[in-house]
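The values are calculated or read from the model by the stated rules, or taken from the named source; none is laboratory data. Computed from a prediction, not measured in an experiment: that's the story for all the values here. With ideal geometry, Cβ positions are generated from the backbone for all residues, glycine too; neighbour counts draw on all protein chains shown. Accessible surface areas use protein heavy atoms only, side chains included; no ligands, DNA or RNA. Shrake-Rupley method; radii C 1.70, N 1.55, O 1.52, S 1.80 Å.
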Amino acid sequence: MAAGAWQVFRRAKTKLSNGLFDLDTNTFKMMLCTDAQSLTDDFAGTDCRYADLTAEVASGGGYTTAGKTLSPTWTRSGATVTFDVDDQAWTSSTLTAKYAVIYADNTNDDLLCFCELDTVTSVSTVAGTLTVTINASGVFTL
């Protein structure tokens, strides 16, 4: 499943500019939320953190709570810096998800960005594989 456009949370943009994300040393993870979660770029919860999410896909069916650890890359071309990660797949999965969320697995578990997996409904798999395919241009650019 090709991921929709990734949206950086507004609060994450402020945290990036204040140096609250360590882009070189933070561990980043991708997790999944159901359609019971409402996400927009101005989602704040209490402080735009993992703990503010209320509808993560439950463990089981090929998914583990807190998601998968990513190996992000930062590349620079001229004045553009690109954040990219590999496609992520949950195999032998029987799960339903609406959003993929990337967050820093740091002291605060700060949310970085999200994408809608399907704009109309949630995506489901039954004894198959749910793959979040990242755009060839990366997750986002600065």
Considering only residues of region 11-25 that are assigned to a loop (DSSP other than H, G, I, E, B) and in contact with an Asp or Glu (Cβ under 7 Å, 6 or more places away or on another chain), which is surrounded by the most Cβ atoms within 10 Å (Cβ to Cβ)? PHE21
Sole exception among (1) in contact with a helix residue (DSSP H, G or I) (Cβ under 9 Å, 6 or more places away or on another chain); (2) over 12 Å from ASP110 (Cβ atoms) for LEU39, by number: (1)
What number of residues within region 92-127 are modelled with pLDDT of 90 or more and open to solvent by 10 Å² or more (accessible area, probe 1.4 Å)? 5
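For region 48-59, give me each residue that is part of a loop (DSSP other than H, G, I, E, B) and open to solvent by 40 Å² or more (accessible area, probe 1.4 Å). Walk me through how you get there before you give the answer.
Applying the first criterion (part of a loop (DSSP other than H, G, I, E, B)) to region 48-59 yields 48, 53-55, 57-59.
Those that are part of a loop (DSSP other than H, G, I, E, B) and open to solvent by 40 Å² or more (accessible area, probe 1.4 Å): THR54, ALA58, SER59.
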